[in-house]
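Student: Before anything else, here's the structure in question.
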Amino acid sequence: VPFARYLAMNKIANMKRYHVAKVYRRGKPGPLCRLFCPQDFDIAGQFDPMIPDAECLKIVHEILSDLQLGDFLIKVNDRRILNGVFAVCGIPESKFITTCSTVDKLDKMPWEEVRSEMVGEKGLSPEAADHIGEYVQLHGGLDLIERLLQDPKLSQNKLAKEGLGDMKLLFEYLTLFGITGKISFDLSLARGLDYYTGVIFEAVLLQQENDHVEESVSVGSVAGGGRYDGLVGMFDPKGRKVPCVGVSIGIERIFSILEQRVKASGEKVRTTETQVLVATPQKHLLAARLKLISELWDAGIKAEMLYKKDPKLLKQLQYCEDTGIPLAAIVGEQELTDGVVKLRDVATRKEVRM
């Protein structure tokens, strides 16, 4: 939404950008705000169908593969196909959005519970609910798209037909990108937000390779997005439309999985890239440390020192161990006299003079 508003206010008709910033979403109950910090990638502009959409999916695939979070699946659907399904099942248009949000619960609830919510809370007839059930439990690839294009009811619905045509095109491009192995056309995917107008997608983690990590199995969705062609027009005084497609990567969720995994493996996480700590073994050698660290910095070496005039050597070496700094460059009075530096490997405690 902030991106769409930015495009409208600045009359920007095409733009491709990634962005990490705070986003507030109102939670329930009451006027509470939830703060998110998503990594967003969006493509705005009038382009030929499904080319930018395919690129968004390629990027999600690349990020999740590179992070090595384990097995994942990117579910893809299209708002127009869903609306077409609702229409042929006899759902009045006024109930599309509420039906949508119920369908979206299928990844967390069995069909029986979703069906009873549709009938009990949303007021759909049992026949209509069963009819929807026949469609929303389907998932597959190009073969399923072809089958639905032949479906006597769906193929009569203009919206569904458009959506399926685009979905077929999308899968052809994803095949060229070589990523269809991780992508599933899933009719239960609805994504709760009602500003999506076309393709919608969500990436879910399947289960962890690591048996010790029980909590992270339920992490579920780690990325989501879709096409929102009408949003910029809502903020533009003249209603000018800018087609957009984008994706958000859920940084917090990904971090929590990585943290759990590190905890389980017992590894130490380095919070710094420092290569060497400049240390001194005796008092009154701050000047020597400052001179040496300055030379290292100028040479592009990541160096640190403790901000104390006369720190104890043990304390300096302990700091290296705690933060995972691999080397200590030690200059004592003897080293200064000899014009050398003693380089100590913190882990093995081996030292060389250079």
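Student: With the requirement that a residue be open to solvent by 90 Å² or more (accessible area, probe 1.4 Å) and either modelled with pLDDT of 95 or more or part of a loop (DSSP other than H, G, I, E, B) (or both), what does region 19-44 give you?
Tutor: K22, K28, P29, P31, L32
Student: Just to be sure before I move on: is V242 closer than 25 Å to I74 by Cα and either open to solvent by 30 Å² or more (accessible area, probe 1.4 Å) or at pLDDT 95 or above (or both) in the structure I sent?
Tutor: Here the answer is no, as V242 does not meet what is asked.
Student: Now a separate question. Can you tell me which residue among I145, I97 is β-branched (V, I, T) and open to solvent by less than 70 Å² (accessible area, probe 1.4 Å)?
Tutor: None of the others qualify; the one that does is I145.
Student: Name the residues in region 283-305 that are farther than 14 Å from A329 by Cα and in contact (Cβ under 8 Å) with a residue 24 or more places away in the chain, would you? It would help to see each step written out before you state the result.
Tutor: We begin by selecting, within region 283-305, every residue farther than 14 Å from A329 by Cα; these are 283-284, 287, 298-300.
Those that are farther than 14 Å from A329 by Cα and in contact (Cβ under 8 Å) with a residue 24 or more places away in the chain: K283, H284.
Student: If you don't mind, another one. Report those helices (runs of 4 or more DSSP H) wholly inside region 45-151 carrying at least 1 residues which are in contact (Cβ under 8 Å) with a residue 60 or more places away in the chain and within 12 Å of L187 (Cβ to Cβ). Show your work before the answer.
Tutor: Numbers: elements: 51-67, 79-88, 96-103, 111-120, 126-136, 142-149.
Hits in region 45-151: 79-88, 96-103, 142-149.
Student: Something else: Can you pull out the residues in region 263-275 that are surrounded by 12 or more Cβ atoms within 10 Å (Cβ to Cβ) and under 16 Å from L69 (Cα atoms)?
Tutor: K263, A264
Student: Right, something else. Determine whether region 306-320 contains at least one residue that is touching a residue at least 12 places away in the same chain (Cβ under 8 Å) and in contact with an Asp or Glu (Cβ under 8 Å, 6 or more places away or on another chain).
Tutor: No, there is no match, as no residue in region 306-320 is touching a residue at least 12 places away in the same chain (Cβ under 8 Å) and in contact with an Asp or Glu (Cβ under 8 Å, 6 or more places away or on another chain).
Student: Does G165 meet the test of being more than 18 Å from I74 (Cα to Cα) and modelled with pLDDT of 95 or more?
Tutor: Values: more than 18 Å from I74 (Cα to Cα): yes; modelled with pLDDT of 95 or more: yes.
Judged against the criteria, G165 is a match.
The values are calculated or read from the model by the stated rules, or taken from the named source; none is laboratory data. None of these values were measured; they are calculated from a predicted model. In this analysis, Cβ positions are derived from the backbone assuming ideal geometry, glycine residues included, and neighbour counts consider all displayed protein chains. The area values use the complete protein model at the heavy-atom level, side chains included, leaving out ligands, DNA and RNA. Shrake-Rupley method; radii C 1.70, N 1.55, O 1.52, S 1.80 Å.
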